[in-house]
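Only one structure is covered here, and it is reproduced in the block below.
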Amino acid sequence: MIERESRILVQYQLDGTAAPSADDARELARIIALEQTVELPDRLVTDARIREDIVGRVERLTPGQDGTTLATISFSTDLGQLHLSALINLLYGNVSIFEGVRLTDLHLPPALLDRFRGPTYGIHGIRALTGVYGRPLLATALKPNGASAQTLATMAADFARGGGDIVKDDQNLIDDLETFKRRVSLIAERVEAVNQSTGRRCLYLPHVAAGAAGIRHFMEFVRDLGLPGVLVCPLIAGLDTCRELCAELDLVQMAHPSLTGTFTNPKTSGIDHGVLLGTLFRLGGADISIFPNAGGRFTFSHQTCAAIAQRLQEPLGDLAPVFPSPGGGMHFDNLPQMFDAYGEDAVLLVGGGLLGLDPDLTTGTRAFAERIADYFPDHRQTPPTNTRRPLHQPVEQRHHEFLGDYAWHERPSSEYKSASDSSFKDVRRVELVGRYGERTHSDLRYFEVAPGGYSSREFHQHTHIVIGARGEGVLVRGNDRRPLREHDIAYIEPLEVHQLLNETDEPFGFYCIVDHERDRPERV
């Protein structure tokens, strides 16, 4: 792994045919650094600020195996923090078209990770939903495509009755919205009836697939039906789309690897399996990440599967760890090998091995469930919780007493910006809501400008709502200057140049509401 630094660090493997010599590798690495940031030849980057702040930097070149070279290139954190799509474009946008360049590793600094929430539930949240602790979860898929809704509902109910934990649609089950509603309602009703009779909670996750205008309607129906989550194919539906909708609607995201082989399978290009199915899917909000298990009908090695599982669960800022879900190549006799490979924190997705064990699916499921329970004798079953509030980052304090003089209990003041920044004077800030694990789309802050002080003159893509709280200041928007007094409310549009000043002898304070995920300001 690349060591921790303050910039985004990306490791690319340069194939020996693309860069046969050390000089060729150095030149190709420099081309990548330019291509991913400014898309200009080096000689045309004449602005010193752009060269220093925007253009990627080649940090080091290391000989790899079979004539390859590992090139570590760093990028400014600012370039990837607006949203996940911007980050992925920075990591592997145009360079994906190059031959012989593979993304093999990356390090995201804390300042960037703070911008992404990642999984809504993660391992701990899903365990709370099922009430199952101390053992792997058993999952299966409803198939084949073309089976009637009644047949699929019976399969789901039999699996739940046998002790299964998660039943999902097969990713090939794709319907129009009305057909989807009828099928999913029937399956959900049958699974819930079994849950009520057993006291357990088997989770049913229907597959959601639709165009940009319709996918929200599918997910809203799932939420309104009371189901805990969905199966999605992030590379087909859109990685950031799946992340945003699942987070907004409080849905578990089980991520399917469909289409990922286009990126992971080429040996000299594409993206490393662990980076894509582990780190990037985790940033994309996956709570469970499915991947082909070693020994199945796909060609994943044991080493590849272990790398994916490690990426899903290793420390990554404050992002919750994710359930790896190996699928395929599992049968009753090799379950102990799966237990040893993945441990207790895994979702074992068993299809043919489960369906073919016994003509009666309930009996076959029970055999698998009992073998899992016997191998993990210390597991426990607790009453499942019906809450869908994220449990990986609990907010312990939701009430903050006002202490007077615009200070709040457990909400310390901090510098407005870096002390070395000369664009402002005598401003303090208090982060009130949004930066302490609260699930908000907006952040609430308090700023106070001392007499004679001023904020930076700047603009950005996100909006501001400013509410006067204390004293009187001046709000500058473009060439317009207006007083801002207590309880006045001002709206600042995207890309509108603005600044706040205090030209009085008393402190001037104001509340500010901004998007939780937002771009960094540009100074004027």
>> Nearest 500 deg cm²/dmol is fine: what mean residue ellipticity at 222 nm does the chain get from its DSSP H runs of n ≥ 4 alone, each adding -39,500 (n - 2.57), divided by its residue count?
In response: -8000 deg cm²/dmol
>> Need one number: nm distance between label points at Arg435 and Gln310, each 7 Å from Cα along Cα→Cβ, rounded to one decimal.
In response: 3.4 nm
> Quick one: putting +1 on the C-beta of Lys and Arg, -1 on the C-beta of Asp and Glu, what dipole do you get for the chain around its Cα centre, in Debye to the nearest 20?
Replying inline: 780 debye
>> If I fit a long axis through the Cα atoms of helix 177-198 and take the longest principal axis of the Cα atoms of the chain, what angle between them do I get, 0 to 90°, rounded to 10?
In response: 70 degrees
>> Could you check the spin-label model distance between Ser413 and Phe459? Points 7 Å from the Cα along Cα→Cβ, value in nm.
In response: 3.2 nm
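About the Cα centre of segment 472-524, how large is the charge dipole given +1 on each Lys and Arg Cβ and -1 on each Asp and Glu Cβ? Please answer in debye to the nearest 20.
Details: 7 positive and 13 negative charges, 30 e Å.
Dipole of segment 472-524, to the nearest 20 debye: 140 debye.
For a quick protection proxy, order the peptides 59-66, 18-25 by their average other-Cβ count within 10 Å, most packed first.
18-25, 59-66
Express the accessible area of segment 56-121 per residue in Å², computed with a 1.4 Å probe while the remaining protein chains stay in the model.
Details: 2490 Å² over 66 residues.
Heavy-atom SASA per residue in segment 56-121 reads 38 Å².
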> When volume of the Cα convex hull per residue in Å³ is calculated directly from the model, which label among (i) 421; (ii) 145; (iii) 170 fits?
Replying inline: (iii)
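Taking 0.36 nm per residue of separation and subtracting the Cα-Cα distance, what length does fully extending Asn265 through Leu495 add? Mind dumping the intermediate values first?
Working: separation 230, 0.36 × 230 = 82.80 nm, distance 4.19 nm.
That works out to 78.6 nm of additional length.
Taking the Cα centre of segment 16-148 as origin, sum charge times position over the Cβ atoms of Lys and Arg (+1) and Asp and Glu (-1), and report the length of that vector in debye to the nearest 20.
Details: 13 positive and 15 negative charges, 165 e Å.
The dipole of segment 16-148 has a size of about 800 debye.
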> Cα axis of helix 239-248 to longest principal axis of the chain: angle in degrees, 0 to 90, nearest 10?
Replying inline: 90 degrees
> For the charge dipole of the chain, defined by +1 on Lys and Arg C-beta atoms and -1 on Asp and Glu C-beta atoms about the Cα centroid, which residue among Ala469, Gly163, Thr37 has the Cα displaced farthest towards the positive pole?
Replying inline: Gly163
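Mind ranking Phe332, Phe180, Phe300 by accessible surface for me, highest first, 1.4 Å probe? Before the final figure, lay out the partial values.
On the way: Phe332 60, Phe180 0, Phe300 25 Å².
Largest to smallest exposure gives the sequence Phe332, Phe300, Phe180.
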> Relative to the first principal axis of the alpha-carbon coordinates of the chain, what is the inclination of helix 361-375, with its axis defined by its Cα atoms, in degrees from 0 to 90 and to the nearest 10?
Replying inline: 70 degrees
>> What's the ranking of 87-100, 44-57, 231-244 by average number of surrounding C-beta atoms within 10 Å, highest first?
In response: 231-244, 87-100, 44-57
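At a 10 angstrom cut-off on C-beta neighbours, averaged per residue, how do the peptides 358-367, 507-516 rank from highest to lowest? Walk me through the numbers before you get to the answer.
Working: 358-367: 16.9, 507-516: 19.7.
In decreasing order of mean packing, 358-367, 507-516 become 507-516, 358-367.
The values are calculated or read from the model by the stated rules, or taken from the named source; none is laboratory data. Nothing here was measured: the structure is a model prediction, and the numbers come from that model. All Cβ positions, glycine included, derive from the backbone under ideal geometry; neighbour counts span all protein chains shown. Note: areas computed on protein heavy atoms with side chains; ligands, DNA, RNA excluded. Shrake-Rupley method; radii C 1.70, N 1.55, O 1.52, S 1.80 Å.
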